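The values are calculated or read from the model by the stated rules, or taken from the named source; none is laboratory data. Please read all numbers here as calculations on a predicted model, not as lab measurements. Cβ: placed from backbone, ideal geometry, glycine included. Neighbour counts: every protein chain shown. Accessible surface is based on the protein model in full, side chains and every heavy atom, while ligands, DNA and RNA are left aside. Shrake-Rupley method; radii C 1.70, N 1.55, O 1.52, S 1.80 Å.
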Amino acid sequence: QHQIWRQAQPEDGSKMTAKVTEIWRHPIKSHGREKLDSVTVQAGGTLPFDRLWAVAHDRSKADGSEWVSCGHFCRVAKLPSLMAISAKFDATSGHVTLSHPDADDLTFDPDTNSEEFIAWTKNLVPEDALQPARLVKAHAQAFTDSDFPSITLCNHASHRAVEQRVGQPLSHLRWRGNIWIDGLAPWEEFDWDDREIRIGETIVRVRERTDRCKSTHSNPETGKRDADVLSALASWGHQDFSVRAEVIHGGEIKAGDEVARV
């Protein structure tokens, strides 16, 4: 059973309103995060340019023609240093800029100059690990970890509960979610299964929890493992954090938008 730490309610007795606090996308799966002020999503789609590309390792046959699971790609769960990458995507030029504390910044066009990127990322990968072989673009479904186009909804209160259980401050960026929400009770998002949620002018249907792996042990600033997050989650009888949702009715989502059940 979850131990619930309720949010402090306003002194006038009114109920707190859940709101979007942050929006994040990850243009190249496991290779950088980018904060957005707003985003427009389409029914049945992901955040635009979220996990549009992924890095196939030298044993993978992934070519982007169909969705494949994360095991086909270089990812933080196996390569902790990748967690420290930040990204910026310029939709006008099509260029991605990547930054890492142990490497020079790289700006490149992922559709025409992936060789330079592969050389850059190899410097972050140990020699005894599966090596990055090629950058793959999704021509069907984006490379989210679900087998359906999804966005992830993350609850700040649940993150704070994990911090308490781990016993140290944790960056919420280690969860690599899309939409961050505050004003909920811890783990309240798990009650949303198969329910429709309105986020601003957008409606999504929550379809499943997000099962977690060792990528959550890595610090987004250093790329080094510094917390046993999976054991903390296991103390509640699971290893889940956030929920995956399908966009039912598209529209704009921006920081400050209210979040509520339909």
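Observations, loosely collected:
- For region 114-140, the set of residues classified as aliphatic (A, V, I, L, M), touching a Cys at 6+ places or on another chain (Cβ under 9 Å), open to solvent by 20 Å² or more (accessible area, probe 1.4 Å) and in a loop (DSSP other than H, G, I, E, B) consists of Ala129, Leu130, listed by residue number.
- The set of residues from region 115-144 being within 20 Å of Asp63 (Cβ to Cβ), at pLDDT below 95 and not hydrophobic (A, V, I, L, M, F, W, C) comprises His139, Gln141.
- Screening Ser171 with (1) within 25 Å of Val247 (Cβ to Cβ); (2) small (Gly, Ala, Ser); (3) within 17 Å of the chain's Cα centre (by Cα) gives one miss only, at (1).
- Any hit, region 200-207, residues being under 15 Å from the mean Cα position of the chain (by Cα) and open to solvent by 10 Å² or more (accessible area, probe 1.4 Å): no
- Filter result for Ser30 (crowded, with 21+ Cβ neighbours inside 10 Å, among the hydroxyl-bearing types (Ser, Thr, Tyr), at pLDDT 95 or above and under 28 Å from Gln239 (Cβ atoms)): yes
- Residues of region 182-199 that are crowded, with 24+ Cβ neighbours inside 10 Å and over 20 Å from Arg165 (Cα atoms): Ile199 alone.
- Residues within region 237-262 that are surrounded by 15 or more Cβ atoms within 10 Å (Cβ to Cβ) and of a type in the set (Gly, Ala, Ser), tallied: 5
Listed here are the residues, each with its yes/no results for (1) free of Cβ contacts under 8 Å to residues at least 40 places away in the same chain; (2) more than 30 Å from Glu201 (Cβ to Cβ).
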residue: Leu36; (1), (2): yes, no
residue: Val39; (1), (2): no, no
residue: Gly45; (1), (2): no, no
residue: Arg51; (1), (2): no, no
residue: Glu66; (1), (2): no, yes
residue: Val76; (1), (2): no, yes
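- The residues listed here are Thr40, Thr46; of these, the one that is open to solvent by 30 Å² or more (accessible area, probe 1.4 Å) and either farther than 20 Å from Leu170 by Cα or assigned to a loop (DSSP other than H, G, I, E, B) (or both) is Thr40.
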